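One structure is given below, encoded as structure tokens.
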Amino acid sequence: MDLCIHVAAKTRLATLLVIALLIGSTSIAQTPLPEADLSFEIELNPPEPIAAGTVGEYTITMFNAGPEPATPGVRTSAVPEGLVFVGLRDDTCFFVVTDFSRPPPLPPFFVYGVSTINLLPAGESIQCSGNYFLSADFEGSLEITWTIGNISGGLTGPMTDPNDSNNTQRTVFGIPLPTAVPAIGPVAVTTVVLLIITFTANFLRRR
């Protein structure tokens, strides 16, 4: 009898512990993450795309509309070889290049990132600047997509952005190749001449 009571007591205790854990995990899951509405602007100098073999400047301005402070960072989409970014390091901005090597014949690419070093309070902004360079053998133009977000594991931990409509921007580097104009072949020229002769004959006949 005592054994049965002891086992029953242990069973009730285990049940209570499971219920407590479930309630605790539910409470944690329902706890909303802090929010920060992050946005940014990119300015290129010169504003128009530069030719290969030249150097340009960029300025990234990151904004935090709150309501919480954040550690914003901006990263690019995949950037191929031939376009190089160099950040002007100071005590407010951090720049990082992540290389991705792929097996041949796929060419390697990298992702460029710019972030704040310190916490950016709500209602404030910060500027990070640098240079970009197009190698002399770079051909055509390239569109890069930039995206802003709170740095995972940064000074604030995980956060959400209540407005993701202002989180991306696109910039074009390089000069587009000229569009080839198709040449008019002899058949097309003959057709045009015949049309002109026919039109002229009909016009004179009516007169």
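Name the residues in segment 102-116 that are at pLDDT below 90 and either under 16 Å from residue 61 (Cβ atoms) or in contact with a strand residue (DSSP E or B) (Cβ under 9 Å, 6 or more places away or on another chain) (or both), would you?
Passing the criteria: 102, 107, 108, 109.
Search segment 152-171 for residues that are small (Gly, Ala, Ser) and at pLDDT below 70 and pair each with any residue that is assigned to a loop (DSSP other than H, G, I, E, B) and crowded, with 16+ Cβ neighbours inside 10 Å when their beta-carbon atoms are under 7 Å apart and the residues are at least 6 apart or on different chains.
Matching pairs, first to second residue: 154/71.
State the number of residues belonging to segment 44-59 that are in contact with a Ser or Thr (Cβ under 9 Å, 6 or more places away or on another chain), closer than 15 Å to residue 144 by Cα and either loosely packed, with under 11 Cβ neighbours inside 10 Å or at pLDDT below 90 (or both).
1
Residue 64 fails exactly one of the following numbered conditions: (1) out of contact with any Leu (no Cβ under 6 Å at 6 or more places or on another chain); (2) farther than 25 Å from residue 176 by Cα. What is the number of that condition?
With respect to (1) out of contact with any Leu (no Cβ under 6 Å at 6 or more places or on another chain); (2) farther than 25 Å from residue 176 by Cα, residue 64 is out only on (1).
Taking segment 115-146 only, how many residues are under 25 Å from residue 175 (Cβ atoms), of a type in the set (Val, Ile, Thr) and either surrounded by 15 or more Cβ atoms within 10 Å (Cβ to Cβ) or in contact with a helix residue (DSSP H, G or I) (Cβ under 6 Å, 6 or more places away or on another chain) (or both)?
Number satisfying all stated conditions: 1.
In segment 122-143, how many residues are outside any strand (DSSP E or B) and of a type in the set (S, T, N, Q)?
Total satisfying the criteria: 1.
When you check residue 181 against the structure, is it surrounded by 10 or more Cβ atoms within 10 Å (Cβ to Cβ), more than 17 Å from the chain's Cα centre (by Cα) and modelled with pLDDT under 85, yes or no?
No.
The values are calculated or read from the model by the stated rules, or taken from the named source; none is laboratory data. These numbers come from a predicted model, not from an experiment. Because the Cβ atoms are built from the backbone with ideal geometry, glycine has one as well, and the counts that use them run over all protein chains shown.
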